[in-house]
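The values are calculated or read from the model by the stated rules, or taken from the named source; none is laboratory data. On a predicted model such as this, the values are computed, not experimentally measured, just so you know. Positions of Cβ are generated from backbone atoms using ideal geometry, with glycine treated the same way; all protein chains shown enter the neighbour counts. Ligands, DNA and RNA are stripped out before the accessible areas are found, and what is left, the full protein with its side chains, is counted by its heavy atoms. Shrake-Rupley method; radii C 1.70, N 1.55, O 1.52, S 1.80 Å.
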Amino acid sequence: MDRGKKPSATKQQAMDDFRNHVSSGKAAFFRKYGMQFVMGGRDECYLDDVDGRKRLFNLHCNGGVFNLGHRNRQLIDVLMKGFEELDIGNGHLMSKARADLAKFLAGLMPGDLSYTVFGVGGGEAVDLALKVARAYTGRKKIISAKGGYHGHTGLAMAAGDEKYRVPFGPPVPGFVQVPFGDPNAVAAEIDADTAGVILETVPATLGIAVPPEGYLQSVRELCTAQGTLLIMDEVQTGLGRTGRLWGFEHFDIMPDIVVIGKGLSGGIYPITATVLRTPLESVFHDDPFIHVSTFGGAEVGCLVAKRVLEISSDPEFLAHVKRLAGAFDEGIATLRRKHPRFLTGLRQLGLMMGLELKDELSGPVLSKTAYDNGLLMVYANNEPSVCQLLPPLIMERSEVDLVMARLDRALAAAKRLRPVLKIKRQVEEFVEKWKM
Ligand SMILES: Cc1ncc(COP(=O)(O)O)c(C=O)c1O
């Protein structure tokens, strides 16, 4: 709730029910920071609070889920029409909708990345990629990046950071993490038992870490030399986010497996895809029923995903993303001149952007003041000195100015709030130590 405003009865009920039946922790978190926003109406780049008293411009897009905006009309039409004839379908049977989508996807991929296994969530899609890597190579070891994020499920979770897995039991054997961006670290770990190296093209949770020159090519060469599969997690970087259809296209590499999620759903029907090079599909040839996802590749979802791909691969659409990226680059440069000690840099690959800030307290503080100024923007969980900046790809050029004006106010407010919070944090730490 915004200070001084009493929530409507409907909103209060939703917050109480959420706290009592969905997540007490989230409810407490948002209450503590005065960000009690309950998603209500939503359209294109905006989302409204359920009682209509607050409107946010979405600069987070849930990691790309809302690349094409909220409730994209074209996609809703496709879905509604699909419901006239189809439903989810049945993963055990052959399917025209899945075949059409997989064929279309193959046409948008380089080389022989021609087979697709569909899923519901990104974690599931990553799990499948890692299963294939192990089954195809007959090896166990998986290398991933420290600070990267691939999902909350089994093998995807095992490839992630400790804080997301340690509370949930002993580590899964065979997983090794190395620092992102250093090919020598991969070279030191990769060996004859390495099934796969999995990397996000630009790790988002690590603070939009754009790979250094030559890094991904070197990893590709190391994988090729060892017979290890290179898996690119394009869950956030795919579908035009970087100004090219796939983020890895910037780096002149050919992955063995590509994982696509989030935006493929168009924000309206969950669907993910794990695209495999042709030889890898042999893993399922003799027994294709060893991997079946009940809801994966739901037929109505396939129709939506195909339309998402048609829109996102249009050269004019990608040119629009590049123009917007240029406008953000200029706008942020102006803000950097105005707030030089707080806003210290911009990480950018197209519209995959991260604001580099003064220190680790600044990301959370800016997320809060951005919210107060009508922007949904979230700091990177594994690098809180960076605020992730992923606007909808369909936004207008004129809206960049509006975003910059709000961001300017948010930065000014963050500069005022940060020292107060710093003192508060020091006091809390002191009290905590005193207890011991
Ligand atoms: C890069 C990346 N990979 C995988 C995932 C997991 O996707 P999901 O939450 O749909 O399981 C995420 C989710 O944030 C992600 O950002």
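List of remarks:
- Dipole of the stretch 112-236 [Lys/Arg +1, Asp/Glu -1 at C-beta], most positive-end residue of G138, V219, G122: G138
- Rh by Kirkwood over Cα pairs, then Stokes-Einstein D for the stretch 34-189 at 1.002 mPa s and 20 °C, µm²/s: 110 µm²/s
- Applying a DSSP loop filter and a limit of 15 other Cβ atoms within 10 Å to the chymotrypsin sites (Phe, Trp or Tyr not before Pro) in the stretch 7-107 leaves Y33.
- Å² of accessible area per residue within the chain, as computed with a 1.4 Å probe and no ligands counted: 46 Å²
- Fraction of antiparallel bridges per DSSP, the chain only, in percent to nearest 5: 65 percent
- The relative contact order of the chain comes to 19 percent, based on Cα pairs under 8 Å that sit 6 or more residues apart.
- Calculated P(r) of the stretch 222-264 - Cα pairs past 12 Å, %: 59 percent
- In the frame of its principal axes, the chain has Cα extents of 64, 55, 45 Å, reported largest first.
- For the stretch 152-228, averaging the sequence separation of C-alpha pairs within contact (under 8 Å, six or more residues apart) and dividing by the residue count gives a relative contact order of 28 percent.
- Sulfur and carbon atoms: percent of accessible area, the chain [1.4 Å]: 55 percent
- Choice from D43, D77, D17 showing the highest fluctuation, given a GNM over the chain with Cα pairs closer than 10 Å: D17
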